[in-house]
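Remarks on the structure that follows.
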């Protein structure tokens, strides 16, 4: 039976800490540990005089729910610990140092938050839950597999990319090592594909049974994936979602096949980031860069005359710089290997520039011997020279452009001769569906605070599920005899108000991007496109059927914009604008949506508002937010519908029929050093073992 | 000593050594039995046999063997024994020191998981063959030896000939993946050293090529500032932390970590070159695991990073 007191996850139908054995570990000592830490390691440093600010601290937090106060306490405790570590480091480095103590205001804040008995109870309960989940994850084979597969992917990817780069840059010319490197690189590619498939299988559990033990680990794995996204977003401002990795592979493959990729996509799809990443992967260097326009000509692309006090000389354009490694006609070669030139808005080039590109496409890379000959004044084939300098291996171009269509009348397709040399690659916005919720996962990562925590109620975040019990012929029997009798099934309609605000928002964003795409489409629209109609009062309504397809002329939204909204949620209370002081994420999103709609071009404004209404994004927040508990890592991982839900199981049968467990069953944990907890004894019998240390059993050491 | 998972113990003076696996419910309600694996000298595999022991008898007659525990399970020691003896049967792998196990426990508890215990046998690796414990072995087929330049410098006495020998003992090797060059902005991924390096950087004691980076930190900086700070932070004796020699790097890379040679950047080695020089290597563009070259110990080069090595012998 589950512990109703710790049941905070019923909303999305799973549990992970309610097996009898794990419950038995929740002894008071663990709760006491947190209490002991706060009482003796934090509040004992409280200054007896420092009571001046208490009233203002109490006023700051008075309006918060218990969950919000507990989340705030968690953030404050982490800040306290981090500060303590900095002080210890400074003292260790210089024993004479006298660093400032922990800010007394922070200690007072912790004291005020901790003084609330309801916060104490919730904090201890959450701490215990998180601690047990984390331990189960560390000890699980699946968790270790995940870490080992990731390490293996990193290592293989590094070898594969180094091999690919060496081949692309023609770094090896002798036949035998060249052939060997080609063989090795092909092997690494295969290994990488297999490892990525294995990683995906861990996330989705592949063929493994969807018992809670496994799905709990898949949820922890998803949490790690989200923290990795969060780190990428913080560091690079870009997240390598699976769809972006797919585009990266296509771009690299086009270049390896000797064609110039052209990334075609709408504003904010990440074309430039993709082009730069492919250039760095293949050449180890950032690309040079041209912003194309109808008046772009040879002077912008190849070389331009310049003059200064020392006389006249040529400044080389981005194409010559990338192809030859020379920056101008005065200085020596700056780069020894070819680079890639990024041609932004390629579709805006005029016919003269397209002719230049066609000419450059005919150039071949010179060999090291030819470069040596050229340096010593000997001639080399003219198709290996650009602006009288040898063309280097590794030179190529990547174009980016908006799609040709009514929205961009100045974009033109290159002529057929050049088109044959190019590889068009469509860069759409990331997908959003129940099975592939990239935008939602991006938003979760963007919503994480600096502690990789999401201090928001799961009710505002999570997709919603309904319980489905299997007919007898679909029930699953596990090896230990338990019976899988049902599962949680996601509510199919993404606009259903039972889904959390953030989940509905992620679908709304993708619908808006779709409508923007369709606004420039020259092809027939798909049959399931959202539609709209105008009622007798002139009000627009978005709907699934009837009316006209929903298209937008000028309005889209990028993930970068969404990320800034979500990051702003953590800083809202620091703003002195009363509108920013929202209590819930839902209200914050509504504030941002209102601003966004207000700033939308009038031609699209009513449609955009109707679209957000269709997803009920202006509806009030859920009413039971007060009852939420803070999210643990596992629960954050379970937010993604990509993580399988645990099956409901029948624990035993009785003469009166099946008895259902209140929660999906949690199998025994896997020990660290054995394949299974069920171990075999010398006499052939088996035994279930709890793989934990016995710290109370002190043995003398054998001399 | 507490009985941790992975500990090795014996009941009575002549009992079989067992690796502690966990505890289980006994026959009577509330009773618990201790479970040990009785063939701990075998690699971890399905079908290993176990034995149960009552906690009372264990408390009276049990003896813990060696320093093994959660931080360094006995099974890991066995894995190391197999790693070496499968290729070089003459190698004998001793138990690790308590200091190494304590170090691993302490770093893991502090969230630092980059250190891996590694046994390096007493051996000489010449250009032609490997000598270990009186036996001579040919290099395994896929072994990437240091490039010829390395052996030539030893012949010319620019590098001490001890560069060809391993000392014999356990080390803790930092397995963090070295990144590719990115104009000096590259960082070791998830680097736990970063806060320490930033502290030194803020104090003006080092000048890495990017904030908190391991690149642009010269060997002189490492020895004067970085290693002592790590040692004092982790309560280690002086001179415990260093970087691997070129040979250690090459051997560990060939035996277990081919990814050491996959980045375009270099890393510093402990071997001296000439008067003020140091060996560097590992660059994928110049042979990967074979790559060895030289630089000056005072150079803060944004192309060269460093990998830690804890000496516990």
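Set side by side, the residues A:406, A:414, A:431 differ, and just one is over 31 Å from the mean Cα position of the chain (by Cα) and surrounded by 14 or more Cβ atoms within 10 Å (Cβ to Cβ), which is A:414.
Which members of region B:1-18 meet the condition of being more than 7 Å from chain A (Cβ to nearest Cβ) and either farther than 16 Å from residue B:55 by Cβ or touching a helix residue (DSSP H, G or I) at 6+ places or on another chain (Cβ under 9 Å) (or both)? Within region B:1-18, B:7, B:8, B:11, B:12, B:13, B:14, B:15, B:16, B:17 qualify. Would you confirm, using the coordinates I've provided, whether residue A:328 is in contact with a strand residue (DSSP E or B) (Cβ under 6 Å, 6 or more places away or on another chain), over 30 Å from residue A:553 (Cβ atoms) and modelled with pLDDT of 90 or more? In short, yes. Summed over region B:155-174, residues that are over 22 Å from residue B:310 (Cβ atoms), in contact with a strand residue (DSSP E or B) (Cβ under 8 Å, 6 or more places away or on another chain) and outside any loop (DSSP other than H, G, I, E, B) total 1. Here residue B:40 meets each of (1) closer than 24 Å to residue B:97 by Cα; (2) at the interface with chain A (Cβ under 10 Å from one of its Cβ atoms); (3) at pLDDT 90 or above; (4) crowded, with 20+ Cβ neighbours inside 10 Å with one exception, condition (3).
Examine region B:290-297 for a residue that is surrounded by fewer than 18 Cβ atoms within 10 Å (Cβ to Cβ), more than 10 Å from chain A (Cβ to nearest Cβ) and assigned to a strand (DSSP E or B), and state whether such a residue exists.
yes
Here's the yes/no breakdown for (1) within 12 Å of chain B (Cβ to nearest Cβ); (2) at positive phi; (3) under 24 Å from the mean Cα position of the chain (by Cα); (4) not in a loop (DSSP other than H, G, I, E, B):
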| position | (1), (2), (3), (4) |
| --- | --- |
| A:154 | yes, no, yes, yes |
| A:157 | yes, no, yes, yes |
| A:186 | no, no, no, yes |
| A:196 | no, no, yes, yes |
| A:208 | no, no, no, no |
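Scanning region B:48-66 for residues that are in a strand (DSSP E or B) and either closer than 14 Å to residue A:700 by Cα or more than 7 Å from chain A (Cβ to nearest Cβ) (or both) returns B:53, B:62, B:63, B:64, B:65. The set of residues in region B:175-219 being in contact with a strand residue (DSSP E or B) (Cβ under 9 Å, 6 or more places away or on another chain) and away from chain A (no Cβ under 14 Å) consists of B:214, B:215, B:216, B:217, B:218, B:219. Output the residues belonging to region B:259-275 that are in contact with a helix residue (DSSP H, G or I) (Cβ under 7 Å, 6 or more places away or on another chain) and over 19 Å from residue B:165 (Cα atoms). Hits for region B:259-275 are B:259, B:260, B:261, B:262, B:263, B:264.
Going residue by residue through region A:91-103, is there one that turns out to be more than 14 Å from chain B (Cβ to nearest Cβ), surrounded by 18 or more Cβ atoms within 10 Å (Cβ to Cβ) and more than 30 Å from residue A:224 (Cα to Cα)?
The answer is yes, given that some residue of region A:91-103 is more than 14 Å from chain B (Cβ to nearest Cβ), surrounded by 18 or more Cβ atoms within 10 Å (Cβ to Cβ) and more than 30 Å from residue A:224 (Cα to Cα).
Do we have any residue at all in region A:231-243 that's crowded, with 21+ Cβ neighbours inside 10 Å, touching a strand residue (DSSP E or B) at 6+ places or on another chain (Cβ under 8 Å) and either at pLDDT 90 or above or closer than 23 Å to residue A:643 by Cα (or both)? Looking for residues that are crowded, with 21+ Cβ neighbours inside 10 Å, touching a strand residue (DSSP E or B) at 6+ places or on another chain (Cβ under 8 Å) and either at pLDDT 90 or above or closer than 23 Å to residue A:643 by Cα (or both), one finds none in region A:231-243, hence no. Taking region A:274-299 as the range and being away from chain B (no Cβ under 14 Å), part of a helix (DSSP H, G or I) and at pLDDT below 90 as the test, the residues that pass are A:298, A:299.
Taking every residue in region B:230-248 that is farther than 19 Å from residue B:120 by Cβ and pairing it with any residue that is at pLDDT below 90 and surrounded by fewer than 17 Cβ atoms within 10 Å (Cβ to Cβ), at least 6 positions away or on another chain, yields no pair with a Cβ-Cβ distance below 6 Å. Scanning region B:236-270 for residues that are within 9 Å of chain A (Cβ to nearest Cβ) and not in a helix (DSSP H, G or I) yields B:257, B:262, B:263, B:264. Restricting attention to region A:284-304, the residues that are without any contact (Cβ under 8 Å) to a residue 40 or more places away in the chain and touching a strand residue (DSSP E or B) at 6+ places or on another chain (Cβ under 6 Å) add up to 1. Just to check your reading of the model, which residue among A:552, A:566 is modelled with pLDDT of 90 or more, surrounded by 13 or more Cβ atoms within 10 Å (Cβ to Cβ), touching a helix residue (DSSP H, G or I) at 6+ places or on another chain (Cβ under 9 Å) and in a helix (DSSP H, G or I)? Sole residue among the options that is modelled with pLDDT of 90 or more, surrounded by 13 or more Cβ atoms within 10 Å (Cβ to Cβ), touching a helix residue (DSSP H, G or I) at 6+ places or on another chain (Cβ under 9 Å) and in a helix (DSSP H, G or I): A:566.
The numbered conditions (1) farther than 22 Å from residue A:683 by Cα; (2) surrounded by fewer than 19 Cβ atoms within 10 Å (Cβ to Cβ); (3) facing chain A (nearest Cβ under 7 Å) are all true for residue B:82 except (3). Of all residues in region A:597-628, those satisfying the criterion of being closer than 30 Å to residue A:119 by Cα and part of a loop (DSSP other than H, G, I, E, B) are A:619, A:620, A:621, A:622, A:623, A:624, A:628. Within region A:687-699, take every residue that is closer than 12 Å to residue B:2 by Cβ and either within 7 Å of chain B (Cβ to nearest Cβ) or in contact (Cβ under 8 Å) with a residue 12 or more places away in the chain (or both) and give me the one that is surrounded by the fewest Cβ atoms within 10 Å (Cβ to Cβ). Residue satisfying both the conditions and the ranking: A:695. Screening region B:106-123 for residues that are at pLDDT 90 or above and surrounded by fewer than 18 Cβ atoms within 10 Å (Cβ to Cβ) and picking the one that is farthest from residue A:144 (Cα to Cα) gives B:122. Taking (1) within 14 Å of another protein chain (Cβ to nearest Cβ); (2) crowded, with 20+ Cβ neighbours inside 10 Å; (3) over 21 Å from the mean Cα position of the chain (by Cα) in turn, residue B:229 satisfies each apart from (3).
Selection of first residues in region A:36-47 that are under 20 Å from residue A:121 (Cβ atoms) and of second residues that are surrounded by fewer than 14 Cβ atoms within 10 Å (Cβ to Cβ), restricted to Cβ pairs under 7 Å at least 6 apart or on distinct chains, gives an empty result.
The values are calculated or read from the model by the stated rules, or taken from the named source; none is laboratory data. Here the structure is a predicted model, which means the values were calculated and not measured. Cβ sites come from the backbone with ideal geometry, for glycine too, and all protein chains shown count toward neighbours.
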